[in-house]
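Here's the structure, in structure tokens; my notes come after.
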Amino acid sequence: MNRSNLEHLIRAAANITGDHEIVIIGSQAIHGTLRNIPNAAQMSSEADMYPRNMPEKNDLIDVMIGEDSDFHDTHSYYAQGVGPETAVLPIDWEKRSVRIQSESTNNAVGVCVGLHDLVLSKYAAGREKDFIYVGEIISLGAVDKDKLLGLVGKMPSDRCDHNTIRTYIERDFKNVELHRVKSKIGSSEVSAINAISRMNPEIGMDLLELREQPGFRIEKILFEKPESPEDKVIQDALSGLGRGDMLHIADLKKNWVKLKSLDPSVMPVNASSPQVINSEYLRKSADLPKGAFPELALDPKIVERKDVEDPSP
């Protein structure tokens, strides 16, 4: 459903009920605040509403423009007549409501629940589709976490659990931030590996291959205390990068630190795992003597590379 569809429903509901003010309390209330509408709202073909001054006439909405009505068959969207008690909202939600009024509504007013109140009502409903809807709104950056938390206490405690809703809010904002940081890390990793590749193509190629392996963290090798000679060689090599390339490395480090602060469960990569850089390439890049890392050649954990000579004596 788009805003034009909602305006049509407001006009029709006002004509049917004789009430100039129609309250929209469900997902479609978002049209009062946003133009960039989440997919979850666009997918819905219904709008929950009631006459503000004559809520007892909500059944007329169901009969005339509700589901399976002639209106629905003609336009492929419909209204659902509900009561004021349907949504669990902060007691003062009306002062944050947003009005839709235009020629398309025939100057009838659509009183849309404000976005923060709408999100809280979805948390109170607690259905899977409600969490998806809220997640999309948070991803848009359209609501403020502190404002949501501040409004929870104004919700009727006999109809929802305040602590549960606060937990949901904290969880979803953290998840959205984690997603953003991980996306930035993915982009920053590519830029960092490209920078390293310009300096040493062989190390860069190895990093690109290892990046595809589950659990591999280039950030661990680049920024944390080296746990193996290979780690140290790579970290020492960074000193040869130019100032512009170092900006990519700094950006990756910033996002890595942010990820670890959001998710302490991010595990370090063991440098003796099969994910280590092949020792032969490191010997070449660092101009180290043959056999500098003989212990790696004997370690059964090391991934075999058929294109590399056996470094054993």
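Each part gets one Cα centre, and for the range 139-161 versus the range 87-135 those centres are 13 Å apart.
Assuming 1.567 mPa s and 4 °C, estimate D for the range 100-250 with Stokes-Einstein, Rh taken as the Kirkwood radius over Cα pairs, in µm²/s. Before the final figure, lay out the partial values.
Details: Rh = 19.5 Å.
Roughly 67 µm²/s, to the nearest whole number.
If I stretch the segment between R35 and S69 completely, what's the gain in nm (0.36 nm per residue apart, minus their alpha carbon distance), one decimal? Before the final figure, lay out the partial values.
On the way: separation 34, 0.36 × 34 = 12.24 nm, distance 2.83 nm.
Full extension from R35 to S69 adds 9.4 nm.
Take the alpha carbon atoms of the range 1-59, find their center, do the same for the range 206-237, and report the distance between the two centers in whole angstrom. Their Cα centres are 55 Å away from one another.
For D48, nonlocal amide neighbours, meaning residues 5 or more places apart or on other chains whose placed amide H falls under 5 Å from its own, are I25, G26, S27, Q28, Q80. Relative to the compact-globule estimate of 2.2 N^0.38 Å, the Cα radius of gyration of the range 3-119 comes out at 0.95.
Report the FRET efficiency, 1/(1 + (r/R0)^6), for Q235 and H179, where r is their Cβ-Cβ distance and R0 is 41 Å, rounded to 0.05.
Values: r = 29 Å, r/R0 = 0.70.
Using R0 = 41 Å, I get an efficiency of 0.90.
If R0 is 22 Å, the Cβ-Cβ spacing of N106 and D59 corresponds to a FRET efficiency of close to 0.50.
Computed from the coordinates by the stated procedures, all read-outs in this text should not be read as laboratory data. The structure displayed is predicted, hence computed values, not measured ones. Cβ atoms come from the backbone with ideal geometry, glycine included; neighbour counts cover every protein chain shown.
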